[in-house]
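Here is the structure we will look at.
The values are calculated or read from the model by the stated rules, or taken from the named source; none is laboratory data. In this text the structure is predicted, and so the values were computed from the model without any measurement. Glycine gets a Cβ as well: all are built from the backbone with ideal geometry, and neighbour counts include every protein chain shown.
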Amino acid sequence: MSREILPEIVPEKPLLAIFHRISKDFKKNWFVYLMVLPVVTYYLIFYYVPMYGIQIGFKDFNIAKGYSGSPWVGLKYFKMFFDSFYLWRVLRNTVLINLYELIFSFPAPILFALLLNEVKNRRFKKYVQTISYLPHFISTVVICGIITNFCVSDGLINDIISLLGGERNSLLQNVKYFRTIFIASGIWQGLGFSSIIYFAAISAVDQELYQSAIIDGASRFRQVWHITLPSIKPTIIILLILNIGGFLNVGFQKIILLYNPATYEVADVISSHVYTYGLQKLNWSYGAAVGLFNSVANLILLIAANRVSKKVSEISLW
Amino acid sequence: MIMKKSIQEIIFDLSNHLILLFWAIITIYPLLYVLFSSVSDAGRLMSHRGLLLYPLGIKFEAYKRVFENPMILRGYMNTFIVVFGGTALNLMMTCLAAYFLSRKNVLWKNTVMVMIVITMYFGGGLIPSYLVVTGLGMRNSLLALIIPGAVSAYNIIVMRTSFQTIPASLEESAFLDGASDFSILFRIILPLSKSMLAVVALWYAVDHWNAWFSAAIYLTKRELYPIQLILREILIQNADSQEIYKMTIGAGEQDEAQVAETIKYAMIIIATVPILCAYPYLQKYFVKGVMIGSLKG
Amino acid sequence: MKKTFLKAACFTVAVFILFTTLTACTAGSKTISTTSSTAASSISAAVSTTAGNESVYPLKTDVKLTYWSEMNPNVSANYKNAGDTPFAQELAKRTGIQVEYIHSTTDEAFALLMASNDLPDIIEFWWDAYPGGPSQALKDDQIIALNDIMDEHAPNFTKWLKAHPDVARQIRWDEGYYIGFPCVLGDGKEVYVQYGPQIRKDLLDKLKLSVPETVDEWYSALKGMKDLGVAAPITANKGYRIDFLARAFGIVIGDLKVGAFYIEDGKVVYGPMQPAYKDYLATWRKWYADGLIDKDIATVDGNIAKAKILDGSSAATVGTVGTLYTYNDTAQKNIPGFQMVAAPLPVLKKGDVNKYPFVENQYTPSEVQAVITKQCKHPDIAARLLDYLWSEEGIILANWGIKDKTYTVGVDGKFKYTDFVKNNPDGWTVSRVKGGYMRSYASGPFYQDVTIAFQTYMIPEQFEARDLWTKTVSLEHLLPPMRRTASEDEEFTKIINDVKTYSEECLLKFMMGTMSLDEYDTYTAQMKQLGIDRAIEIMQAAYTRYLAK
């Protein structure tokens, strides 16, 4: 009697199946894992080991007693933040400024890169590009000094306004104009530097695609629309996701330099609000608590943006 | 083939050039303002409001004050070491991580990505990080400025995106020819990502160049100070003392407050010019046509 | 052959030298450790036998103390370490105590230092930065209180405290201890008032007006200047300190936080809640409506404000004695005849004296202090070192420097800085010379002599300003430096932050007319809702505790 030589197909236990998958993956990809090992180690040592410090927002930090010795106060500092009379105003301002930046400051560098890309004259292109990123290196303090100078009642912008027949106005004292000034000056300072990455992305597009498009008779606009843009789409989308993941962040320095009691209504953001508590220089528990809240909210937004993007465009972080 | 330009195109080109020219003009103003202010007479600068279109009486007092500090040269040297060494390390680490994250069919890829992204949002804070760095013996060493910042999550993500746009067919054919991961990375992917590499290198270099805080807390030996830290000191040295030291009966500092402004501007010029010079070298990587003729078959 | 022999010889010599220096070093340190204990005991013996005798310097000791402080830019401009300065060397010579200075350059460095548990002997810093303040640091056993060692080892400081009971009370903590050597501004009214209103005298002359003294006179003066073409008669850096007008009404606005609290009839009050605030707002509103106040007052930064004064767009401001010189000196070229002089704080009725001047306390708890840490093995010697700056010679060294090099004493007994300070041959600025030879370039754990400020006055307007602003200084309404408890402080911080934001906004709105004075009651109601009464209560409690000290 001959027995069946084929082995029986027994369904594997689920745990075993997972283990098999992992070991198969390791056998195939061990080298790639080795390649990324230094980076992972780096993150473990420099980010995850110190991560215990995150509890400082829940403690009354005592330097001598350290993290473990300091008393646990739970949500005390979070409550302090949420109890503030101006909480909603501050949250609203933060989100709104980021929203306007998303609408205006995010696309501007892309548009700039596309426009500049259309210029054939190499030298013109080079000079404009170099000049455009210069303001990025000028410190915020100086830039805000220039802005303030321009916006006073007898400053440059008002000179132009009155030339055009309008009335002079102390621009930075007007709630209507603060956000415009804040965002426009941000574009002015940051456009060039932010556009560099789009330039890089554009330059990586395969030239042959353009050549075949030209043969097919496509206009320059169509070339941009059908070749350039789709090619840099991944870059744009990833940067967009990361941008949304920073929606509760507005740097306090520029706000503090430009705002004043007349514009607190629209200008006070989370970071400037916390800053003006003027805490003893090193009272970290409060700042840490607010920071933690910020991070959690931002992360939630990031995850949401990532998910949406995955569904809609198949481009995502994970 | 010579293309005949339509009227539309001509108008577009003309307005494009005009817009860009206008943009260049208004954007160069801050730098010119800083440059002119740095060589202006302090008193005249103080009385001046509005647009500054030319220096007000050429005086090099501000630059003199900055350069008389004996540590300037040392500061530059230290910064150069950190910029070059640091950026080299950064690029290496970033490419390794980006390569990993751009592979397909790697089981732990997303886990690592999540792990990296989380560090963009949560951190331990100053004291724990400080303890780790000093625990590793990096206190008073330039390594403290290089290793703790060895890689940036944001830059890894950007680099990964670039790696992902390289056609899979290229890698597959190389793989079939028996190429290892390393040679795929170095012979195929990196050469095709030159422009993105240039951008990321620029980002890292600029960050290293501008850094001063790590130096301030990890270095007590002044000979190791990077240029930004030294410049920061000079600026505070010359700022309006009354604001900083409330109780100083400092009427004698009045002449210094005047020069302080011009010194601030001179500092910006001194700190910024070197990094500005670096950019043109990287610009050539943004020229079109990096991937010529590679996509055959 | 010869070459190798030479090489070998050199090598041997080098090794020999190295060996001897190394052993010498170790031998030296051995002697230090064995003699330190005997040195300490011999000093305490010496002190106890010569009780109260300050001429115990220079001490005969080999102890080396470690001294941690922030590196001041005025010092770092010319010296790598504070120990290299002539001041430090002179101090070491006179006290006989060797000091190793360790520096930091950021505020965070202090926290890192405290967290490291490896503390130097003396730490000089703004101890308010320690979470919970210096008294917490004491509770945490990080530092020591001076009480036990003061009498024996810090006799100069103790003597000074006895001679100044009021200031001593300010320095002393509620619980009765002294922590650290404080920074104290000297006696003499002049130190209190360093800034005040300033106005263009040449324009006043043109208008045939004298320097305004009352609120009404100010109004006429500014109005007159406006008619002369001055677009924004009065301006200031983001409205900074322009509350000088409020003080005419008996209202102190200050920073709208702790600075807005003061004493009225023995009770603590908050400026913007006082009844007279409404009257002030009405006047302020009128000034603005009539164009006397800079339209951009809320956004104008320091540079723009200065430029406005210097190009004639503005004619009055509030500033320091130093800026008086800056204005007068710089504007001469643009505006011939320009003369900026000091004006007194205005009053409501002619002949009155303004009882709410821009004063500071002699001692502010948030200033630097030099504190001896628990880890210091020789607290007595550390105390001696810090105490020296409170002796007569020490005060002179800290404020004036080295005799005949940086100061001279005239026949009338008056001290004067030498040309080495005022017109340094190497081109060093005054602060840098001070940085090398004294400690009076910045605040520090010593007693600041008032009169050093006058040394650098350049023009008569400055001396007149000083005399004018200090003529009738009264401290009766000034809030002394009180301390709140930790829990009080938390409550207080929460309330006062929102109160400040709200008050600032309303102040501006009332001024510009966006909010009419009919709505004043809504303002006060909202303030109460924000908890201002509780804040006043807390301050009152601290004040009562202070008086009971």
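Can you name the condition, by its number, that C:D151 falls short on among (1) more than 19 Å from the chain's Cα centre (by Cα); (2) without any contact (Cβ under 8 Å) to a residue 12 or more places away in the chain; (3) surrounded by fewer than 17 Cβ atoms within 10 Å (Cβ to Cβ); (4) within 14 Å of chain B (Cβ to nearest Cβ)?
Just one mismatch for C:D151, condition (4).
Hey, among the residues in the range B:181-229 that are part of a loop (DSSP other than H, G, I, E, B) and modelled with pLDDT under 85, which one's surrounded by the most Cβ atoms within 10 Å (Cβ to Cβ)?
B:T220
Of all residues in the range C:246-294, count the ones that are among the hydroxyl-bearing types (S, T, Y) and farther than 24 Å from C:N497 by Cα.
Total satisfying the criteria: 2.
Which ones in the range C:236-249 are of a type in the set (F, W, Y), at pLDDT 85 or above and not in a helix (DSSP H, G or I)?
Within the range C:236-249, C:F249 is the sole residue that qualifies.
Evaluate the following for C:V252: is it hydrophobic (A, V, I, L, M, F, W, C), more than 30 Å from C:K306 (Cα to Cα) and either in contact with a helix residue (DSSP H, G or I) (Cβ under 7 Å, 6 or more places away or on another chain) or modelled with pLDDT of 90 or more (or both)?
When the stated conditions are applied, C:V252 does not pass them.
For the range C:301-341, enumerate the residues that are more than 7 Å from every other protein chain (Cβ to nearest Cβ), under 28 Å from A:A262 (Cβ atoms) and part of a loop (DSSP other than H, G, I, E, B).
Answer for the range C:301-341, where residues must be more than 7 Å from every other protein chain (Cβ to nearest Cβ), under 28 Å from A:A262 (Cβ atoms) and part of a loop (DSSP other than H, G, I, E, B): C:G312, C:S313, C:S314, C:A315.
When the residues of the range C:76-122 are narrowed to those that are of a type in the set (D, E, K, R) and at the interface with another protein chain (Cβ under 10 Å from one of its Cβ atoms), which ends up surrounded by the most Cβ atoms within 10 Å (Cβ to Cβ)?
C:E108
Among A:A184, A:A213, which is the only one that is small (G, A, S) and more than 18 Å from B:W23 (Cβ to Cβ)?
A:A213
How many residues are at the interface with chain B (Cβ under 7 Å from one of its Cβ atoms) and crowded, with 20+ Cβ neighbours inside 10 Å when one looks only at the range A:91-128?
Summing the residues that are at the interface with chain B (Cβ under 7 Å from one of its Cβ atoms) and crowded, with 20+ Cβ neighbours inside 10 Å in the range A:91-128 gives 2.
Give the residue that is surrounded by the most Cβ atoms within 10 Å (Cβ to Cβ), with candidates limited to residues of the range B:158-180 that are at the interface with chain A (Cβ under 8 Å from one of its Cβ atoms) and free of Cβ contacts under 8 Å to residues at least 40 places away in the same chain.
B:T161
Please verify whether C:T456 is of a type in the set (V, I, T) and either away from chain B (no Cβ under 14 Å) or more than 20 Å from the chain's Cα centre (by Cα) (or both), treating the condition exactly as stated.
No.
C:F125 versus (1) touching a Phe, Trp or Tyr at 6+ places or on another chain (Cβ under 6 Å); (2) within 14 Å of chain B (Cβ to nearest Cβ); (3) closer than 15 Å to C:M438 by Cα: which is the lone unmet condition?
(3)
Need pairs with beta-carbon distance below 6 Å; first residue free of Cβ contacts under 8 Å to residues at least 40 places away in the same chain and within the range B:213-226, second in a loop (DSSP other than H, G, I, E, B); sequence gap 6+ or separate chains.
These pairs meet every condition: B:A216/C:T105; B:A216/C:T106.
When both residues are 6+ apart or on different chains and their Cβ atoms are under 7 Å apart, which pairs have a first residue that lies in the range A:117-142 and is not assigned by TED's automatic domain parsing to the domain that holds A:I196, and a second that is of a type outside the set (A, V, I, L, M, F, W, C) and assigned to a helix (DSSP H, G or I)?
From the range A:117-142, no pairs qualify.
Is one or more of the residues making up the range C:123-131 at pLDDT 90 or above, surrounded by 21 or more Cβ atoms within 10 Å (Cβ to Cβ) and farther than 25 Å from B:L126 by Cβ?
No - not one qualifying residue is present in the range C:123-131.
Quick one: in the range C:499-538, of everything that is in contact with a Ser or Thr (Cβ under 9 Å, 6 or more places away or on another chain) and among the aromatic types (F, W, Y), which residue is nearest to the other protein chains (Cβ to nearest Cβ)?
This residue is C:F510.
When only residues in the range C:194-229 that are modelled with pLDDT under 90 and crowded, with 22+ Cβ neighbours inside 10 Å count, which is nearest to the other protein chains (Cβ to nearest Cβ)?
C:Q194
Can you name the number of the only condition in (1) assigned to a loop (DSSP other than H, G, I, E, B); (2) in contact (Cβ under 8 Å) with a residue 60 or more places away in the chain; (3) facing chain B (nearest Cβ under 10 Å) that A:S84 fails?
(3)
If I filter the range C:419-452 down to residues being touching a Phe, Trp or Tyr at 6+ places or on another chain (Cβ under 6 Å) and either hydroxyl-bearing (S, T, Y) or without any contact (Cβ under 8 Å) to a residue 24 or more places away in the chain (or both), which single residue comes out as surrounded by the most Cβ atoms within 10 Å (Cβ to Cβ)?
The extreme case among them is C:S431.
Please work out if A:F199 is in a helix (DSSP H, G or I) and at the interface with another protein chain (Cβ under 10 Å from one of its Cβ atoms).
Against the criterion (in a helix (DSSP H, G or I) and at the interface with another protein chain (Cβ under 10 Å from one of its Cβ atoms)), A:F199 qualifies.
Kindly list the number of the only condition in (1) within 14 Å of chain C (Cβ to nearest Cβ); (2) in contact (Cβ under 8 Å) with a residue 24 or more places away in the chain; (3) in a helix (DSSP H, G or I) that fails for B:Y63.
Tallying (1) within 14 Å of chain C (Cβ to nearest Cβ); (2) in contact (Cβ under 8 Å) with a residue 24 or more places away in the chain; (3) in a helix (DSSP H, G or I), B:Y63 fails exactly one: (1).
Within the range A:27-72, can you find the residues that are closer than 18 Å to A:Y286 by Cα, at the interface with chain B (Cβ under 7 Å from one of its Cβ atoms) and not aromatic (F, W, Y)?
Correct list: A:M51, A:G53, A:I54, A:I56.
Quick check: is even one residue across the range A:183-191 more than 9 Å from chain C (Cβ to nearest Cβ) and in contact with a His (Cβ under 7 Å, 6 or more places away or on another chain)?
Yes: one or more hits.
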